[in-house]
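The values are calculated or read from the model by the stated rules, or taken from the named source; none is laboratory data. Remember, it's a predicted structure, so these values are computed and weren't measured experimentally. Using ideal geometry, Cβ is built from the backbone for each residue, glycine included, and neighbour counts are taken over all protein chains shown.
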Amino acid sequence: MEIEQIMKYIYRKIKGRLKKNAEIPPEKERTIAVLPPEGETISVETALNSRCSSDYDDNQTIFHWGIFDKTKKLSYEQIKKIINSVKICRFTEYRVEIVENGHTLTFIVENGITGIQKDWVIVESGMQQQAVILICTALGIGSVLKNQGKDGTEISSIDFLTIKLKIDPMKPSYDESYWIHSAPANESPWLSGNLPDPVRNGSTPLITAIKNINIQNSRHSQNVIKHSIGQLLWAARGRTPHLYKSKPWGMTIPTWAGEQHLSSVYLILDSKLYKYINWIKNRPTHSIIELKKLDIETYKKMNELLPQWNCFIILSANETYARALWEIGYQAFNILIQAQTLNIAYHAILLDSNQRKLFSEMNIENPVAIIELRK
């Protein structure tokens, strides 16, 4: 980081600590927001690129990039529309639900689940969280996650709370617009990598795409090519233009307090294992680095366990806390909704014990989910 950037960062940190907490008017003084009508047409890619968390401090560089509009509120009907628009792919039959309490949404899963099944249901909760966040982004609504502990919180014998989400009207965050199509370009501008630069302005509306999301797509679909592989990797964990705490850490997914390494994204292509890289030389980028060539025996085992597919995106947790698992849920949801809009042949799997063992032998620390593709 250059000296000028460091000084700007220090200035913002000091300014943020001196700033008083924002005062929000009483609920009865806030008027119902009129949401931007074009929200229904915002594409999957634009929603991914524009996603950011919001707060009430009226300053984009101190903490969260998005700014809640303190003078406005959401109606009951608007909140219900968000919840009713949510659809995710289910891998389990356990209860995964959203409980609405005014402008706070509580994400609850069935309590008492253990082992890999618990991992799976936590991932599904992450997918549900990301669905709500992207719907809000498309509709011009702000959101911010309220953490309930690294592992979530048990609230009863039947309910386990993963996280809470605050939603409220927001002010335009990108030059008087709620959305942005460009790559990061401010203090740490975009550095093109060895993957084609991602498309950030597609044609399929996010609200429409969510209705059609599915665990697989194989009928009348296209085989994956290098450009679409890159697009899926960017959807999973790609860099976006917004700042977080004065740092250019914007991504297509939210992160726990800005943590950058809770999970990782890998790719197996042409018998080689790669890792997705979105940051290099202190700049956002879009690349894969080769880690190893798979030996014949490993590739044979993979074909036995996962036949008919020859390209794989692997999502792994870098720690044992639940927060890494719902981050995997964010990434899985993004990949699936992007793959569906590209009409790519894919199949998503939450890994069982044997499948985890296979990918762990490739030195992937804690593989949790894969999206199979056909090259």
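Considering only residues of the stretch 234-266 that are touching a Leu at 6+ places or on another chain (Cβ under 7 Å) and part of a helix (DSSP H, G or I), which is nearest to Tyr174 (Cα to Cα)? Looking at residues that are touching a Leu at 6+ places or on another chain (Cβ under 7 Å) and part of a helix (DSSP H, G or I), I get Ala235.
Quick check on this structure: which one of Glu259, Glu297 is among the acidic types (Asp, Glu) and closer than 30 Å to Asp151 by Cα?
Checking each option against the conditions leaves just Glu259.
Among residues that are part of a helix (DSSP H, G or I), modelled with pLDDT of 95 or more, among the basic types (Lys, Arg) and closer than 21 Å to Ile277 by Cα, Arg323 is included.
Residues are listed down the side, and each one gets a yes or a no for (1) under 30 Å from Asp58 (Cβ atoms); (2) in the same structural domain as Asp57 (by TED's automatic domain parsing); (3) not in a loop (DSSP other than H, G, I, E, B):
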site	(1), (2), (3)
Ser157	no, yes, no
Lys164	yes, yes, yes
Asn214	no, no, no
His227	no, no, yes
Gln231	no, no, yes
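Checked against the criterion of being crowded, with 20+ Cβ neighbours inside 10 Å, assigned to a helix (DSSP H, G or I), outside the structural domain of Ile289 (by TED's automatic domain parsing) and aromatic (Phe, Trp, Tyr), the stretch 120-141 contains one or more residues that satisfy it.
When you check Ile280 against the structure, is it in contact with a helix residue (DSSP H, G or I) (Cβ under 8 Å, 6 or more places away or on another chain), among the β-branched types (Val, Ile, Thr) and touching a residue at least 24 places away in the same chain (Cβ under 8 Å), yes or no?
So Ile280 fails the test.
Kindly indicate whether any position in the stretch 60-67 is out of contact with any helix residue (DSSP H, G or I) (no Cβ under 6 Å at 6 or more places or on another chain) and surrounded by fewer than 19 Cβ atoms within 10 Å (Cβ to Cβ).
no
Suppose we filter the stretch 90-116 for residues that are of a type outside the set (D, E, K, R) and surrounded by fewer than 16 Cβ atoms within 10 Å (Cβ to Cβ); how many remain? Residues that pass the stated criteria total 8.
Could you please let me know if Tyr346 is touching an Asp or Glu at 6+ places or on another chain (Cβ under 6 Å), under 27 Å from Thr162 (Cβ atoms) and of a type in the set (Ser, Thr, Tyr)? Walk me through it before giving the result.
Details: touching an Asp or Glu at 6+ places or on another chain (Cβ under 6 Å): no; under 27 Å from Thr162 (Cβ atoms): yes; of a type in the set (Ser, Thr, Tyr): yes.
No: the conditions fail for Tyr346.
The set of residues from the stretch 224-272 being of a type in the set (A, V, I, L, M, F, W, C) and either at pLDDT below 95 or more than 19 Å from Ile337 (Cα to Cα) (or both) comprises Val224, Ile225, Leu243, Trp249, Trp256, Ala257, Leu262, Ile268, Leu269.
Could we say that Tyr346 is hydroxyl-bearing (Ser, Thr, Tyr), buried (at least 22 other Cβ atoms within 10 Å of the Cβ), under 27 Å from Pro241 (Cβ atoms) and assigned by TED's automatic domain parsing to the domain that holds Arg239 here?
Working: hydroxyl-bearing (Ser, Thr, Tyr): yes; buried (at least 22 other Cβ atoms within 10 Å of the Cβ): yes; under 27 Å from Pro241 (Cβ atoms): no; assigned by TED's automatic domain parsing to the domain that holds Arg239: yes.
When the stated conditions are applied, Tyr346 does not pass them.
Only one of these is more than 30 Å from Ala131 (Cβ to Cβ), out of contact with any Phe, Trp or Tyr (no Cβ under 6 Å at 6 or more places or on another chain) and surrounded by 15 or more Cβ atoms within 10 Å (Cβ to Cβ): Thr285, Thr298. Name it. Explain how you work it out, then say what you get.
Details: Thr285 fails: more than 30 Å from Ala131 (Cβ to Cβ).
Of Thr285, Thr298, the one residue that is more than 30 Å from Ala131 (Cβ to Cβ), out of contact with any Phe, Trp or Tyr (no Cβ under 6 Å at 6 or more places or on another chain) and surrounded by 15 or more Cβ atoms within 10 Å (Cβ to Cβ) is Thr298.
Note on the stretch 61-96: residues that are more than 27 Å from Ser50 (Cβ to Cβ) and of a type in the set (Asp, Glu) amount to 1. A search for C-beta distances below 9 Å between a residue of the stretch 285-304 that is farther than 14 Å from Glu361 by Cβ and among the small types (Gly, Ala, Ser) and any residue that is in a strand (DSSP E or B) and at pLDDT 90 or above, counting only pairs 6+ apart in sequence or on different chains, returns Ser287/Leu191; Ser287/Tyr276; Ser287/Ile277; Ser287/Asn278; Ser287/Ile280.
Are any of the residues in the stretch 187-199 within 17 Å of the chain's Cα centre (by Cα) and within 26 Å of Arg323 (Cα to Cα)? Please lay out each step first, then the result.
First, pick out the residues of the stretch 187-199 that are within 17 Å of the chain's Cα centre (by Cα): 198-199.
With the extra rule that they be within 26 Å of Arg323 (Cα to Cα), the set shrinks to none.
Within the stretch 187-199 (the criterion being within 17 Å of the chain's Cα centre (by Cα) and within 26 Å of Arg323 (Cα to Cα)), the answer is no, since none of the residues qualifies.
Could you say which residue among Ile83, Ile79, Ile67, Ile88 is in contact with a Lys or Arg (Cβ under 8 Å, 6 or more places away or on another chain), touching a residue at least 40 places away in the same chain (Cβ under 8 Å) and either among the aliphatic types (A, V, I, L, M) or not assigned by TED's automatic domain parsing to the domain that holds Gly142 (or both)?
Values: Ile83 fails: in contact with a Lys or Arg (Cβ under 8 Å, 6 or more places away or on another chain); Ile79 fails: in contact with a Lys or Arg (Cβ under 8 Å, 6 or more places away or on another chain); Ile88 fails: in contact with a Lys or Arg (Cβ under 8 Å, 6 or more places away or on another chain).
Matching residue, one of Ile83, Ile79, Ile67, Ile88: Ile67.
Test of understanding: among Tyr56, Tyr76, which residue is surrounded by 17 or more Cβ atoms within 10 Å (Cβ to Cβ), more than 22 Å from the chain's Cα centre (by Cα) and farther than 19 Å from Tyr330 by Cα? It would help to see each step written out before you state the result.
Details: Tyr76 fails: surrounded by 17 or more Cβ atoms within 10 Å (Cβ to Cβ).
Step by step, each of Tyr56, Tyr76 is checked, and only Tyr56 is surrounded by 17 or more Cβ atoms within 10 Å (Cβ to Cβ), more than 22 Å from the chain's Cα centre (by Cα) and farther than 19 Å from Tyr330 by Cα.
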